[in-house]
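K.L.:
What follows is a structure written as structure tokens; I'll ask about it next.
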Amino acid sequence: MVSIPRKIARLLAFALIVSTIILVGVNSGGWNLQAGSNSRVSGDRKLVFSHKSAKTPQQIVEENYKTLQEILKRPIHEPKTGNLVRPPSDPDQYDRANATMLVLVRNRELGQVVRTIKQIEAKFNRKFHYPYVFLNEEPFTERFKETIKKHVSGKTYFESIDKAIWEQPESINVQRQDEAMQQLEAENVGYAKLVSYHNMCRYYSVNFYNHPRLQQFRYYWRFEPGTDYYCDLDYDVFKFMEMNKKTYGFVIALYDVEQSVKTLWPRTMEFLAEHPDYLHPNGAYDFLLENLQNPHKTLIANGYSTCHFWSNFEIADMDFYRSKPYSDWVNFLDSTGGFYYERWGDAPVHSVGIGLFEDRDKIHWFRDIGYKHQPYTLCSNCPSCKGCKTADFTYKHLRDQNCLTNWWNYEMSEEQKNIY
């Protein structure tokens, strides 16, 4: 039988190990957590960014942007998988994937969401008639519902979010929160003092996939009011995800505001110290740990590059969010209060989660979905794309926010690069 002193000694030793891992990671920018012995890459994948460069950050910004322009100017058409599912002759009789269009929207955003829905219907959904789920923290008005029904081809679900789930937990220290929000606002962090924005980020990170209505679906296409879509899609993107075993699809990747996620990575390392088996051996570690283009961001974010998939568009498998690794992790994050004491966004949370706990080959860059959410655009050289300028991305002063080239350089296999 183990004596009490020995139990205490073991606990102290474990605490010391965890603390050492965290301190070493923060101070060096490298996290030496092994990714398991069954990695299919040479040697163990580790949470360490090992790439070096003698170039200045500004030189890397220009080089990466040039590479992005070259990629987007290459003529592409559709994914060359050989199993694309074409539009049916009768969409109402079509055997759709278990999927939905999804938007979190307020009644006052009716005009903007209709504008975007018209584009989604014209480019994609009028061919397949996928249903829509509309989420709101308040009940939808009859005017909102009746107007929406005039513009969609699929079934509509208008759902309210339980206030007990939407609103910040009672465990949040309001004084600490107010002080943190004041500091973030002083550092020009957007939406820092808007509690509803913090609620939204937390909801999209921790809860949306467990909404009673969404429980009946596996895949979702998230869209935002006022965003633009430029390219005709003549295949079922949900069945593309399903048949090609893709977990997450994105269009734009950016750096985040570093002050908003100062402790997201250290907290994640605390979690992984207790659950190293959750780490996927073929995760997207370099994307998350890159420190060459914006090294100040990685420094302030304590090891996290802040690169993330811009989640205002995403097509993803909610079964991933419902899995034990992701669920345990986000519940741990939620317990720390970081969604309110900082401004952790759902985009970095989704990106860190998918980058650590999923095979990077199951993440798909939809280069054939032209998209704009001001001030960023994805416009490829694709014959189905109309209304956007090929290779357009953003204003010159924002070019350093480009993380797409990092994804291309560090995480995409040759097979993935040549899929279009």
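K.L.:
Can you pull out the residues in region 338-366 that are surrounded by 21 or more Cβ atoms within 10 Å (Cβ to Cβ), out of contact with any Gly (no Cβ under 6 Å at 6 or more places or on another chain) and part of a loop (DSSP other than H, G, I, E, B)?
P.N.:
GLU342, ARG343, GLY345, GLU358
K.L.:
OK, next. List the number of the failed condition for GLY226; all other conditions in (1) surrounded by 15 or more Cβ atoms within 10 Å (Cβ to Cβ); (2) under 22 Å from the mean Cα position of the chain (by Cα); (3) closer than 23 Å to ASP328 by Cα hold.
P.N.:
Result: GLY226 passes all but (3).
K.L.:
Quick check: is even one residue across region 80-91 part of a helix (DSSP H, G or I), modelled with pLDDT of 95 or more and of a type in the set (D, E, K, R)?
P.N.:
No - not one qualifying residue is present in region 80-91.
K.L.:
Under 13 Å from the mean Cα position of the chain (by Cα) and among the polar types (S, T, N, Q): which single residue out of SER413, SER351, SER384 fits that description?
P.N.:
SER351
K.L.:
Only one residue in LYS150, LYS145, LYS155, LYS73 is assigned by TED's automatic domain parsing to the domain that holds HIS364 and closer than 23 Å to SER380 by Cα, so which one is that?
P.N.:
Matching residue, one of LYS150, LYS145, LYS155, LYS73: LYS73.
K.L.:
Now, a different point. Give all pairs with beta carbons closer than 9 Å in which a residue from region 107-123 that is within 20 Å of THR141 (Cβ to Cβ) meets a residue that is acidic (Asp, Glu) and not in a helix (DSSP H, G or I); count only pairs at least 6 apart in sequence or on separate chains.
P.N.:
ASN107/GLU138; GLN112/GLU224; VAL113/GLU224; ARG115/ASP228; THR116/GLU224; THR116/ASP228
K.L.:
Here's a follow-up. So LEU264 passes all but one of these: (1) within 19 Å of the chain's Cα centre (by Cα); (2) within 22 Å of ILE419 (Cβ to Cβ); (3) not hydroxyl-bearing (Ser, Thr, Tyr). Which condition number does it fail?
P.N.:
(2)
K.L.:
Among the residues of region 304-324, are any assigned to a helix (DSSP H, G or I) and farther than 30 Å from PRO225 by Cα?
P.N.:
There is at least one residue in region 304-324 that is assigned to a helix (DSSP H, G or I) and farther than 30 Å from PRO225 by Cα.
K.L.:
Pairs needed: first member in region 318-331, within 12 Å of PHE357 (Cα to Cα); second member anywhere, in a loop (DSSP other than H, G, I, E, B) and at pLDDT 95 or above; C-beta distance under 8 Å; at least 6 residues apart or different chains.
P.N.:
If the second residue must be in a loop (DSSP other than H, G, I, E, B) and at pLDDT 95 or above, the pairs left are PHE320/THR247; PHE320/GLU358; PRO325/HIS275; ASP328/HIS275; TRP329/HIS275.
K.L.:
Tell me, which residue of region 66-93 that is touching a helix residue (DSSP H, G or I) at 6+ places or on another chain (Cβ under 9 Å) and farther than 29 Å from LYS389 by Cα is surrounded by the fewest Cβ atoms within 10 Å (Cβ to Cβ)?
P.N.:
ASN83
K.L.:
Could you list, in sequence order, all residues of region 154-168 that are aromatic (Phe, Trp, Tyr) and closer than 17 Å to VAL195 by Cβ?
P.N.:
Hit for region 154-168 is TRP166, nothing else.
K.L.:
Quick check on LYS118: is it assigned to a helix (DSSP H, G or I), under 30 Å from ASP400 (Cα atoms) and either among the basic types (Lys, Arg) or at pLDDT below 95 (or both)?
P.N.:
Criteria not met by LYS118.
K.L.:
Also, quick follow-up: Being touching a strand residue (DSSP E or B) at 6+ places or on another chain (Cβ under 7 Å), touching a residue at least 12 places away in the same chain (Cβ under 8 Å) and under 23 Å from THR377 (Cα atoms) is the requirement here; does GLY249 meet it?
P.N.:
So GLY249 passes the test.
K.L.:
How many of the residues making up region 325-337 are more than 14 Å from ASN207 (Cα to Cα) and part of a helix (DSSP H, G or I)?
P.N.:
Residues that pass the stated criteria total 2.
K.L.:
Considering only residues that are of a type in the set (Phe, Trp, Tyr) and surrounded by fewer than 16 Cβ atoms within 10 Å (Cβ to Cβ), which ones fall in region 158-207?
P.N.:
Once the filter is applied, which keeps residues that are of a type in the set (Phe, Trp, Tyr) and surrounded by fewer than 16 Cβ atoms within 10 Å (Cβ to Cβ), region 158-207 yields only TYR197.
K.L.:
Okay, next question. Confirm whether PRO169 is more than 30 Å from ARG126 (Cβ to Cβ) and either hydrophobic (A, V, I, L, M, F, W, C) or more than 23 Å from the chain's Cα centre (by Cα) (or both).
P.N.:
Judged against the criteria, PRO169 is a match.
K.L.:
May I ask you to say which residue of ARG267, ARG213 is among the basic types (Lys, Arg) and crowded, with 19+ Cβ neighbours inside 10 Å?
P.N.:
Of the residues listed, the single one that is among the basic types (Lys, Arg) and crowded, with 19+ Cβ neighbours inside 10 Å is ARG267.
K.L.:
Which numbered condition trips up ARG106, out of (1) among the charged types (D, E, K, R); (2) over 24 Å from ILE369 (Cβ atoms); (3) surrounded by 19 or more Cβ atoms within 10 Å (Cβ to Cβ)?
P.N.:
Going through (1) among the charged types (D, E, K, R); (2) over 24 Å from ILE369 (Cβ atoms); (3) surrounded by 19 or more Cβ atoms within 10 Å (Cβ to Cβ) one by one, ARG106 breaks only (3).
K.L.:
What's the number of the only condition in (1) closer than 29 Å to GLN416 by Cα; (2) buried (at least 19 other Cβ atoms within 10 Å of the Cβ); (3) among the hydroxyl-bearing types (Ser, Thr, Tyr) that TYR278 fails to meet?
P.N.:
(2) is the only condition that TYR278 fails.
The values are calculated or read from the model by the stated rules, or taken from the named source; none is laboratory data. None of these values were measured; they are calculated from a predicted model. Note: ideal-geometry Cβ built from the backbone for every residue, glycine included; neighbour counts use all protein chains shown.
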